[in-house]
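These notes concern the structure reproduced below.
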Amino acid sequence: MPGTLNRPAASETFRERLQQIIDRSGLNQAAFSRFAKVDRSTLSQLLTADSPRLPRADTLIALASACRVSVDWLLGLTQREEIGAEIIEAILQIEPHARAPIDELFVKWMREAEGFRIRTVPETFPDFLKTEDVLRYEYRRAAFGSPEHAVDSVDARLALMRRPDSELEVCISLQAFITLAHAHGKWDGLPAAMRVAQLKHLIELYSELYPSLRIYCYTLSEVYSSPFTVFGPKRVALFLGTSYLVLNTVEHVRLFGRRFDELIRLAVVQPHQITHFLTELISEVR
């Protein structure tokens, strides 16, 4: 979109149409900013005549959603002031996250992206690579069903990974594995025998699934990333703890694809070095 807009003309059109929807609402600027959930100072800057500023995507979506107009109309790309709710829903969705070893929604997105490369930056190493003991320990305060259900769920995810056209890239911090090996953080209290068994299980599964599964490790001393997954060309899902922010545009897929590439370039452990790295961690378990 930026390549098709004349910024001064577009900002002037946007400012006029923003003022139009404010006037039509019958609210003053302060009340309108609360109504549209847009910061008051941001709104004031967008209305300033000598500013060529265009809104950020999240601000634009908030304005279009609150006032039920199209994004294109606000930017002067169309004369049709059509209802934009359906457009917004297609661009951005909030979906619940099931606190369970395998999130059925996540698996559904994986199936929809079958045949395409899936790239993920998880909060911790993927659940389908965990032993039953580690799953039970991690989710011990969550009612995710019986241990048998957990194993069945993990087996279903592994079955997806074992398909010949599966391709999953994982970019994760070194610390996600180090805290497990040393029983730090959420792994505090996990017995050494379970930690060793988990690391050995990881090595065994990784050896089986590589190169369809490739793991890169960066270090938190150099870079940080919020958890997200790029499902081929289909969508991006940002993990927010209790929900996913789902983005469905080509631009967002490309943006997060580039972010994933940046993390790969900063990786200090490459996919072919993972087994050696995990083997070294086993020797450090106390």
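Residues that are farther than 26 Å from Arg163 by Cα, over 17 Å from the mean Cα position of the chain (by Cα) and among the aliphatic types (A, V, I, L, M) within the stretch 211-254 comprise just one, Leu220. Could you tell me whether Glu208 is over 30 Å from Pro96 (Cβ atoms), assigned to a loop (DSSP other than H, G, I, E, B) and more than 18 Å from the chain's Cα centre (by Cα)? No. Within the stretch 252-262, none of the residues are of a type in the set (A, V, I, L, M), at negative phi and touching a residue at least 40 places away in the same chain (Cβ under 8 Å).
All of (1) over 19 Å from Phe260 (Cβ atoms); (2) modelled with pLDDT of 85 or more; (3) surrounded by 19 or more Cβ atoms within 10 Å (Cβ to Cβ) hold for Arg163 with one exception: (3). Evaluating Arg136 against the criteria (1) within 30 Å of His184 (Cα to Cα); (2) open to solvent by 30 Å² or more (accessible area, probe 1.4 Å); (3) within 22 Å of the chain's Cα centre (by Cα); (4) modelled with pLDDT of 80 or more leaves one unmet condition, (3).
The values are calculated or read from the model by the stated rules, or taken from the named source; none is laboratory data. This one's a predicted model, so the numbers in the text were calculated from it and none came from an experiment. Neighbour counts run over all protein chains shown; Cβ positions are idealised from the backbone, glycine included. For the accessible areas, the whole protein counts, side chains as well, though only heavy atoms, and no ligand, DNA or RNA atoms are used. Shrake-Rupley method; radii C 1.70, N 1.55, O 1.52, S 1.80 Å.
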